[in-house]
1. Is it the case that segment 97-115 has a residue that's open to solvent by 70 Å² or more (accessible area, probe 1.4 Å), more than 14 Å from the chain's Cα centre (by Cα) and more than 18 Å from F15 (Cα to Cα)?
2. Specify the residue that is least open to solvent (accessible area, probe 1.4 Å); the eligible residues are those in segment 116-128 that are touching a residue at least 60 places away in the same chain (Cβ under 8 Å) and either of a type in the set (A, V, I, L, M) or in a loop (DSSP other than H, G, I, E, B) (or both).
3. Looking at segment 137-156, is at least one residue at pLDDT 95 or above, assigned to a strand (DSSP E or B) and open to solvent by 40 Å² or more (accessible area, probe 1.4 Å)?
4. Within segment 38-72, restricting attention to residues that are of a type in the set (G, A, S) and in contact with a Lys or Arg (Cβ under 9 Å, 6 or more places away or on another chain), which residue is nearest to S133 (Cα to Cα)?
Amino acid sequence: RIRAEPMLTLLRREFTVEVSRAQAWRHLARVERFPSWAKHIRSIAVEPPGDLGPGSTGTIRLANGVRSAFTVTAFDPLEHWQWRGRFLWLVVDYDLRFEELGPRRTKLVWEVAAEGFARAIFGRIFAQIYAQSLDRAIPRLIAEMNALEAPPPLAGRTG
């Protein structure tokens with residue numbers, strides 16, 4: 001019996017946005033809007049159309065023309081989702097976690113891991129390229145999310 005190796009973590013990013021966890025979730029669940037802050041992505045098509053959900057599938061088309069299919073493999077509303085795609089001979093998991101730090105403050109934790117042939121070599125190459133794109137995209141995402149309006153207060157609430 002061959003023992004499968006655990007996924008190799010390629011990169012991890014943590015950052016904080018000044019919106020509620022529910023607002024952060026809603027904003028990011030609209031994956032077709034990712035190109036507004038992730039300029040390395042030309043478009044994302046998701047099935048079924050609309051917000052990301054359990055069992056969603058889709059195609060990401062990068063600015064350089066490369067396409068990558070993905071499937072949601074874990075989905076826990078307001079907590080975390082994970083999708084899986086391929087890069088060369090690698091299977092890549094993209095894990096996004098939402099941690100509530102306060103009523104209008106959320107920490108996002110993004111982790112990318114891979115398995116597959118020569119993952120140490122191809123994974124390192126993939127991680128270097130993807131890290132550069134993420135490091136440019138995350139500040140745009142933070143600014144975009146921090147500009148979101150606060151939801152109106154519930155009727156009857158004070159303070």
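The values are calculated or read from the model by the stated rules, or taken from the named source; none is laboratory data. On a predicted model such as this, the values are computed, not experimentally measured, just so you know. Counting neighbours? That spans all protein chains shown, and the Cβs are built from the backbone with ideal geometry, glycine included. When the accessible area is computed, the model is the full protein with side chains, heavy atoms only, and any ligands, DNA or RNA have been set aside. Shrake-Rupley method; radii C 1.70, N 1.55, O 1.52, S 1.80 Å.
1. No, the conditions are met nowhere in segment 97-115.
2. Per the stated criteria, the residue is A127.
3. Checked segment 137-156: no residue is at pLDDT 95 or above, assigned to a strand (DSSP E or B) and open to solvent by 40 Å² or more (accessible area, probe 1.4 Å).
4. A38
Rundown of residues vs (1) among the basic types (K, R); (2) at pLDDT 95 or above; (3) more than 21 Å from A127 (Cβ to Cβ); (4) within 14 Å of the chain's Cα centre (by Cα), yes/no style:
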site	(1), (2), (3), (4)
E32	no, yes, yes, yes
W37	no, yes, no, yes
A63	no, no, no, no
F87	no, no, no, no
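Residue by residue, here is whether (1) open to solvent by 30 Å² or more (accessible area, probe 1.4 Å); (2) farther than 17 Å from T106 by Cα; (3) part of a loop (DSSP other than H, G, I, E, B); (4) touching a Gly at 6+ places or on another chain (Cβ under 9 Å) holds:
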residue: T16; (1), (2), (3), (4): yes, no, no, no
residue: V19; (1), (2), (3), (4): no, no, yes, no
residue: R26; (1), (2), (3), (4): yes, no, no, no
residue: R33; (1), (2), (3), (4): yes, yes, no, no
residue: A38; (1), (2), (3), (4): no, yes, yes, no
residue: R42; (1), (2), (3), (4): yes, yes, no, yes
residue: G55; (1), (2), (3), (4): yes, yes, yes, no
residue: I60; (1), (2), (3), (4): no, yes, no, yes
residue: G65; (1), (2), (3), (4): yes, yes, yes, no
